[in-house]
Amino acid sequence: MSVHHPSVQRVLTGITPSGTPHLGNYAGAIRPAIAASRQSGVESFYFLADYHALIKTTDPARVQRSTLEISASWLAAGLDTERVWFYRQSDIPEIPELTWLLACVAGKGLLNRAHAYKAAVDKNVAAAEDPDAGVNMGLFMYPVLMAADILMFKSHKVPVGRDQIQHIEMARDMAASFNHLYGEHFVLPEAEVDASVATLPGLDGRKMSKSYDNTIPLFAPAAELKRLIFSIVTDSRAPGEPKETEGSALFQLYQAFATAEETRAMRTAFDDGIAWGEAKQALFERIDAAVSPMREKYEALIAEPHVIERHLQEGAEKARAIATPFMAELRHAVGLRNLAVAFAPKAADKPKAAALPQFKQYREADGRFYFKFVDGDGRLLVQGAGFDSPRDAGRCVAALKQGAAFSMEGYDMQVDGASIGTLAAGVHADEVRRALAALAA
Ligand code: TRP
């Protein structure tokens, strides 16, 4: 499952835990993400971006509560944690570590142009304040942390709202800079904005959003759900007067939860002058039917936070199985290295178009025939033993190229019990196996 096969599409998205999930989050993010995660050939990574939440709120209880509610919502909505990588950003210490490596290749000018930061500056300037008044470095670094989220897992696609497209472009930019400097480590991600995904209107008809205070909580108790639905703004048309579906928040909400057939029937009812109260009752019943089985699961989960915590811990373990070795690779790439490991030759400092490992055969002054096995950068991996004839040396090389199994006795490499060479200082046998596999491929 964790083998990164090129035909598998990795999809990743983050959810910032800074509020209570509402119907708009469900129809616009949770429902499509869960449906997408069930497709074959897709590996889905969904995580709680709690480091990002710290930029928006300084209320610790709110971060914790929102993390609990959002996790419970995704689980109650049917997320299969066996199939997807579902984790909490702050459980993956490699993410802030990668954030720093990326910060060191991100242009400050690039970040100056980030919409959220620019909006804050513009507002300050308009108010004749210091341009950076009230701006913390978290807000400024937001796109770098988000790039680390995405690049860590080599995601191909990032489903996001339009407001996030610029962040994905910045992640591509940082990935390309890093790859240029240090070799091809990162996949360049693409934003995926799905026009068919519903954007729901809120109680006042504007987009349902926490910032407009017009939301309907996804798991409000039925009575509260009903009360809120009955408070949706409608026009003053009386019962019997035909109603407009176009621009009707009520109709759009109905459509987001109804089948095509139910939607057609409601359209006819609007034409026929259904009373608003009746339409609201139908909407309440439709949404409640969709939500109530999930609400039961949600309430059970909220009552058992340790179950949710366990899901997240297991998810973190799965995610770190990818992040920890990848971070080790990146640390090595930038030169944060174990000093006991031999210095690579100068030429290896700048990666070229990934050259293949190779065997070199030669004759030594002692009259015997040797081979060396070097990696793509020319670094010695194996010093071959001396053979009496070039044919013997050639046979040994051919056997290794064809995948002959070797075993290790300390640093001594053996094929069928005979010593054929020695591992170079600081080289691990697995590295030799990988290099042989790369050559065979
Ligand atoms: N910035 C995103 C939002 O506010 C949340 C997020 C954080 C995210 N990291 C991400 C989304 C990585 C996609 C990929 O909606």
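The values are calculated or read from the model by the stated rules, or taken from the named source; none is laboratory data. In this text the structure is predicted, and so the values were computed from the model without any measurement. Here the Cβ is made from the backbone with ideal geometry for all residues, glycine too, and neighbour counts use every protein chain on show.
Here is how the numbers come out for the structure above:
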read-out: Unique match (being crowded, with 16+ Cβ neighbours inside 10 Å and part of a helix (DSSP H, G or I)) among His306, His311, His332; value: His311
read-out: Where Asp50 falls short, out of the listed (1) of a type in the set (D, E, K, R); (2) under 18 Å from Lys210 (Cβ atoms); (3) touching a residue at least 60 places away in the same chain (Cβ under 8 Å); value: (3)
read-out: Cross-chain or 6+ apart pairs with Cβ under 9 Å, the stretch 131-151 first and touching a residue at least 40 places away in the same chain (Cβ under 8 Å) and outside the structural domain of Phe86 (by TED's automatic domain parsing), then within 12 Å of the ligand (Cβ to nearest atom) and acidic (Asp, Glu); value: none
read-out: Residue identified as charged (D, E, K, R) and outside any loop (DSSP other than H, G, I, E, B) among Lys154, Lys123; value: Lys123
read-out: Some residue of the stretch 126-146 being within 16 Å of the ligand (Cβ to nearest atom), closer than 30 Å to Ala303 by Cα, in a helix (DSSP H, G or I) and touching a strand residue (DSSP E or B) at 6+ places or on another chain (Cβ under 9 Å); value: no
read-out: Answer residue from the stretch 75-90, given it is closer than 18 Å to Ser155 by Cβ and not polar (S, T, N, Q) and is surrounded by the fewest Cβ atoms within 10 Å (Cβ to Cβ) among those; value: Arg83
read-out: Residue match in the stretch 202-225 (condition: in contact with a strand residue (DSSP E or B) (Cβ under 8 Å, 6 or more places away or on another chain), in contact (Cβ under 8 Å) with a residue 40 or more places away in the chain and among the acidic types (Asp, Glu)); value: no
read-out: Options Pro221, Pro217; residue that is closer than 26 Å to Pro159 by Cα and at pLDDT 95 or above; value: Pro217
read-out: Qualifying residue in the stretch 158-179 (condition: assigned to a loop (DSSP other than H, G, I, E, B) and surrounded by 17 or more Cβ atoms within 10 Å (Cβ to Cβ)); value: yes
read-out: Residue within the stretch 99-119 that is surrounded by 14 or more Cβ atoms within 10 Å (Cβ to Cβ), under 30 Å from Arg295 (Cα atoms) and touching a residue at least 24 places away in the same chain (Cβ under 8 Å) present; value: no
read-out: Filter result for the condition that a residue is within 16 Å of the ligand (Cβ to nearest atom) and on the phi < 0 side of the Ramachandran plot, over Leu111, Leu101; value: Leu111
read-out: Residue list for the stretch 363-390, filter: assigned to a loop (DSSP other than H, G, I, E, B) and surrounded by fewer than 17 Cβ atoms within 10 Å (Cβ to Cβ); value: Glu364, Ala365, Asp366, Gly367, Arg368, Gly378, Gly386, Asp388, Ser389
read-out: Qualifying positions in the stretch 239-294 - part of a helix (DSSP H, G or I), charged (D, E, K, R) and under 41 Å from the mean Cα position of the chain (by Cα); value: Glu261, Glu262, Arg264, Arg267, Lys280, Glu285, Arg286, Asp288
read-out: Top-ranked residue in the stretch 1-26 [being among the hydrophobic types (A, V, I, L, M, F, W, C) and at pLDDT below 95; ranked as nearest to the ligand (Cβ to nearest atom)]; value: Val8
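Yes or no, residue by residue, for (1) charged (D, E, K, R); (2) within 42 Å of the chain's Cα centre (by Cα); (3) in a loop (DSSP other than H, G, I, E, B):
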| residue | (1), (2), (3) |
| --- | --- |
| Asp392 | yes, no, no |
| Cys396 | no, no, no |
| Leu400 | no, yes, no |
| Gly403 | no, yes, yes |
| Met408 | no, yes, no |
| Gln414 | no, no, no |
| Gly421 | no, no, no |
| Val427 | no, yes, yes |
